[in-house]
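Chemist: Below is one structure. I have some questions about it.
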Amino acid sequence: WQAIKQKTYDRQYFALDSNWSDALDSFLMRALTYHDSGAPKELADDLFTEGYKLTRYRYWSEDFAPGLSWHFWGRKGILPVLLSFKYGRTIGSHLAGPFDVLAAALTRGQGKGYPLRRLFLLAWQTYLPPVTRTQAITLKRFMDYLDDGTTYDCQYDPFVSILLPETRHLLRKGRS
């Protein structure tokens, strides 16, 4: 689906009425609408289109391309997890709160060594949603995952850094 849409959009003209920053904000707002609405198929096209429009700006870099994938912005993707931390509420999930979203996200990719833990934990550190005392104790243990020697997947870092600029410092620091 994504490859077919992309080929169609490659041949399509997009009127870019906004600047780069407004376009990123528009993508974020469209993502919030999509996930808050339960990720209906009819809104998936709108969100992908909004994301694909970003490729038409001069600031676009191919390093950002993983952010256009369904695995990033889709119903069970990375973006709803990050937005849950940013806005301090559950987005795109029926879990009780951001801490529960983090706990569930940290179990993703078990067969591959949990490659996204770093991204989720650094985003959590950026926004620091409120937690209970019990959750704070568990959170300390979660943060130890950052030092466990795992090879992490950093392909989404460039796009997350521009989409959620508050994360930029920790994502760059976390790679070095």
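Chemist: If each residue's Cβ is checked for other Cβ atoms within 10 Å, how do His94, His35 rank with the fewest at the top?
Modeler: On the way: His94 7, His35 23.
Lowest count first: His94, His35.
Chemist: Of Lys76/Lys112; Lys41/Lys112; Lys140/Lys173; Lys53/Lys173, which ones are farther than 26 Å apart at the Cα?
Modeler: Lys41/Lys112; Lys53/Lys173
Chemist: Also: Quick one: angle between helix 41-53 and the longest Cα principal axis of the chain, in degrees between 0 and 90, rounded to 10, please.
Modeler: Long axis of 41-53 versus the principal axis of the chain: about 80 degrees.
Chemist: Between (1) 1.05; (2) 1.23; (3) 1.33, which entry matches Cα Rg over 2.2 N^0.38 Å as derived from the coordinates of this structure?
Modeler: (1)
Chemist: Okay, next question. For Ser37, Ser69, what's the fewest-to-most ordering of other Cβ within 10 Å of each Cβ?
Modeler: Placing the least packed residue first, the sequence is Ser37, Ser69.
Chemist: So for Glu50, Glu166, fewest C-beta neighbours within 10 Å to most, what's the order? Before the final figure, lay out each step's value.
Modeler: Numbers: Glu50 20, Glu166 11.
So the ranking, lowest neighbour count to highest, is Glu166, Glu50.
Chemist: Under a Cβ-only charge scheme (Lys and Arg +1, Asp and Glu -1), can you give me the dipole magnitude of the chain about the Cα centre, in debye to the nearest 20?
Modeler: Approximately 340 debye in magnitude.
Chemist: Label points 7 Å out from Cα along the Cβ direction at Met29 and Lys173: separation in nm?
Modeler: Distance between label points: 3.2 nm.
Chemist: Moving on. What Kirkwood Rh does segment 29-113 have if only Cα atoms enter the pairwise 1/r average? Answer in Å.
Modeler: Working: mean 1/r = 0.0731 Å⁻¹.
13.7 Å is the Kirkwood radius here.
Values in this text are rule-based calculations from the coordinates and carry no lab data. From a predicted model like this one, the values you see are computed outputs, not experimental measurements. Every residue, glycine as well, gets a Cβ built from its backbone with ideal geometry; the counts of neighbours run over all protein chains shown.
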